[in-house]
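I have placed the structure first, in the form of structure tokens, so that the comments after it can refer back to it.
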Amino acid sequence: MSEFPPAVLGIAEILEAIAATRPDQECLIFRDKRLTWNDINLRTRQLANYLASQGLGCHTEREKIAGWETGQDHLAIYLHNGNEYLESMLGSWKARVAPFNVNYRYVAEELQYLLTDSKATACVVHSRFAPLLQEVRGNLPNLRVIIQVPDTSGNPLLDGAIWYEDALAQSSTDKPAAGYNGDDLYILYTGGTTGMPKGVLWRNADAVVECFGGSKTAQTIDEFIAEANVGLRSLTSPPFMHGASHWIAMRTWLSGGTVIVQSQTDRLDADDVWDTVEREKASFLLIVGDAFGRPLLDGLKNNTRDLSSLGMVLSGGAALSSNLKDEFLQHLPAIMMVDGLGSSEAGGQLSQVSAGSSAGTGTFPYAPQNHILSEDLSTVLEAGHEELGWLAKSGRLALGYLNDEAKTKKTYPVVQGVRYVVPGDRARLTADLMIELHGRDSVTINSGGEKIFAEEVEAAIKFHDSVYDCVVTGRPSERWGNEVVAVVRLKDGHPQDVASLLAEAENHIARYKLPKEIIFVDSILRSPAGKADYRWAKQVAIEPKS
């Protein structure tokens, strides 16, 4: 029934082989834990064997079902960052169970929706979240296995649950009998900042290449091992529940390297991040756009730490403004600043590197397997075409959305015999092979017959030196149909000077795109991963002013 060819090598098999070549080297560092590759290999086998002992695994092979269907049990990972998060992902794959991410900021209604939509049969949960899980548990008939991770909350073990370390201790370190399969699912739930979250289904062997940054050419275990020689030491500052964060963690392991987790896991603490970079000699730091960049830059003021080990800062999941890139390069002139563009639906797509010079934002060099499709999705547009189209990708793609045939076929259209993914970004390919990204269609504002991209206006406003953060949205207008509204947080001590903000923005965008109103707020609501909450911004824009 499946239209996809069988996968060959999955993440579990590859990482076990890499572990065998460096058993005593550091694999994961978190607080006082320094886990070797052998430690992680055996602990994830134990978790897999515990899940199997509970009857969890794969019940229908991939070739027998459609792309939006699943034949596996699903494990919800409802955790803050820590070794247990990544162990739960890898242990799931070793049990032929599909792991998926849970937004730990969800309230009861949202959590119940997610665990119902995902048909979760198992959950690994930090104790601080256990009371909320218990609140909705009676409405989750599929959920039958709960593994609890203790934390500083001191909350007791849920009825019928087992402590994480107890589950491992009672389980074998032998390779699980079910074996490992690259066809098995990796499920990534979208953030739900513009609509309800959806579960994107990836075969884990495809995710190795398209999401986790594994080799695009390796076909055998020996070839993957040969390329695992980079040895990254990566600190991924966002929550692992954000795709970009666990993508970089898996990329680090595929490089034969070490994942480093900062001590403070329930909020962004700039001092903790920079102290960890210095102490553990991190070579790679992941952030998410301005929401992470600005606080981390504040933490570099009067810096006396030795950060010479750091070679790259990657912003993934949200744009990092060019002025912030310049500030990073002023503080850390030897680093490379990289913008990574990707999505849950497409995996990684494009990247832009800035090093030692003024940095830009919003344009990316063309990369293979990226395309611009026409407005009606009927043709591929050639370089230099004036029409604004859809950014698309071909090649090894996700299978589709869990339980949603219609949305799968819409987002993964077949054009002239080729299957593409169209995540929703509007873009243009210039004659000199640069992809100009205009913004996500779902947050586009139609005003006076013109399409205005929220991200473009946000970037223009952020050029002003007084702006700490900004989110742009639309609201109904009798004159324009919809009008642009900017929700702005200023830096401490800076005045609310609307005229000055508009004057700066006008240097970067056409006048018709300028906000009709600027609303000043003390803080801007973002997800823990730093992504803008556009539903919140719209509510702020339309609420009557007191």
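The values are calculated or read from the model by the stated rules, or taken from the named source; none is laboratory data. For clarity, every value in this text was computed on a predicted model and none was experimentally measured. Because the Cβ atoms are built from the backbone with ideal geometry, glycine has one as well, and the counts that use them run over all protein chains shown.
Structural remarks
- Residue among LEU56, LEU42, LEU47, LEU28 that is touching a residue at least 40 places away in the same chain (Cβ under 8 Å), over 26 Å from the mean Cα position of the chain (by Cα) and crowded, with 23+ Cβ neighbours inside 10 Å: LEU56
- Which listed residue is in contact with a Leu (Cβ under 7 Å, 6 or more places away or on another chain) and part of a loop (DSSP other than H, G, I, E, B), from GLY67, GLY91: GLY67
- Of all the listed residues (LYS409, LYS451), the sole one being surrounded by fewer than 18 Cβ atoms within 10 Å (Cβ to Cβ), assigned to a helix (DSSP H, G or I) and either of a type outside the set (Gly, Ala, Ser) or in contact (Cβ under 8 Å) with a residue 12 or more places away in the chain (or both) is LYS409.
- Beta carbons closer than 9 Å, at least 6 apart along the sequence or on distinct chains, pair a first residue in region 136-158 that is closer than 17 Å to ALA120 by Cα with a second that is assigned to a loop (DSSP other than H, G, I, E, B) and among the hydroxyl-bearing types (Ser, Thr, Tyr) for ASN142/SER118; ASN142/THR121; LEU143/THR121; ARG144/THR121; VAL145/THR121.
- Within region 458-505, the set of residues being touching a Ser or Thr at 6+ places or on another chain (Cβ under 7 Å) and at positive phi comprises just one member, GLY481.
- When region 283-294 is filtered for residues that are surrounded by fewer than 24 Cβ atoms within 10 Å (Cβ to Cβ) and either assigned by TED's automatic domain parsing to the domain that holds ARG128 or modelled with pLDDT of 95 or more (or both), only SER283 remains.
- Taking the criterion of being among the polar types (S, T, N, Q) and under 22 Å from the mean Cα position of the chain (by Cα), the residues of region 276-324 that qualify are THR276, SER283, SER315, SER321, SER322.
- Condition check for ILE65: free of Cβ contacts under 8 Å to residues at least 40 places away in the same chain, surrounded by fewer than 24 Cβ atoms within 10 Å (Cβ to Cβ) and more than 19 Å from the chain's Cα centre (by Cα): no
- Filtered residue count, region 323-369, keeping only those that are of a type in the set (Gly, Ala, Ser), under 25 Å from GLY191 (Cα atoms) and either assigned to a strand (DSSP E or B) or modelled with pLDDT under 90 (or both): 7
- Scanning region 431-441 for any residue that is closer than 30 Å to GLU69 by Cα, under 21 Å from the mean Cα position of the chain (by Cα) and in a strand (DSSP E or B) turns up at least one such residue.
- Scanning region 368-388 for residues that are in contact with a His (Cβ under 9 Å, 6 or more places away or on another chain) and under 17 Å from GLY342 (Cα atoms) yields a total of 1.
Quick grid of which residues meet (1) at pLDDT below 95; (2) under 27 Å from GLY395 (Cα atoms); (3) touching a Leu at 6+ places or on another chain (Cβ under 7 Å); (4) not acidic (Asp, Glu):
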residue	(1), (2), (3), (4)
ASP159	no, no, no, no
ILE162	no, no, no, yes
ASP166	no, no, no, no
ALA169	no, no, no, yes
THR190	yes, yes, no, yes
THR193	yes, no, no, yes
PRO197	yes, yes, yes, yes
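- Evaluation of SER234 against (1) at pLDDT below 95; (2) outside the structural domain of HIS126 (by TED's automatic domain parsing); (3) buried (at least 20 other Cβ atoms within 10 Å of the Cβ); (4) out of contact with any Pro (no Cβ under 8 Å at 6 or more places or on another chain) (one fails), failing number: (1)
- Selected residue (criterion: farthest from the chain's Cα centre (by Cα)) from residues of region 413-428 that are assigned to a loop (DSSP other than H, G, I, E, B) and under 19 Å from GLY400 (Cβ atoms): GLY417
- LEU397, sole failed condition from (1) in a helix (DSSP H, G or I); (2) closer than 19 Å to ALA66 by Cα: (1)
- Of all the residues in region 426-437, those that are touching a residue at least 60 places away in the same chain (Cβ under 8 Å) and of a type outside the set (A, V, I, L, M, F, W, C) number 1.
- Residue under evaluation ARG96, criteria (1) at negative phi; (2) at pLDDT 95 or above; (3) in contact with a strand residue (DSSP E or B) (Cβ under 8 Å, 6 or more places away or on another chain); (4) not in a helix (DSSP H, G or I), criterion not met: (1)
- Checked against the criterion of being loosely packed, with under 14 Cβ neighbours inside 10 Å, in the same structural domain as VAL467 (by TED's automatic domain parsing) and not hydrophobic (A, V, I, L, M, F, W, C), region 522-531 has at least one qualifying residue.
- Candidate set from region 478-507 (those that are of a type outside the set (Asp, Glu) and assigned to a loop (DSSP other than H, G, I, E, B)); member that is surrounded by the most Cβ atoms within 10 Å (Cβ to Cβ): TRP480
- When the residues of region 242-272 are filtered to those that are within 30 Å of CYS470 (Cα to Cα), surrounded by 23 or more Cβ atoms within 10 Å (Cβ to Cβ) and among the aliphatic types (A, V, I, L, M), the one that is nearest to the chain's Cα centre (by Cα) is ALA244.
- Within region 300-313, being within 27 Å of ILE524 (Cα to Cα) and modelled with pLDDT of 95 or more holds for LEU300, VAL313.
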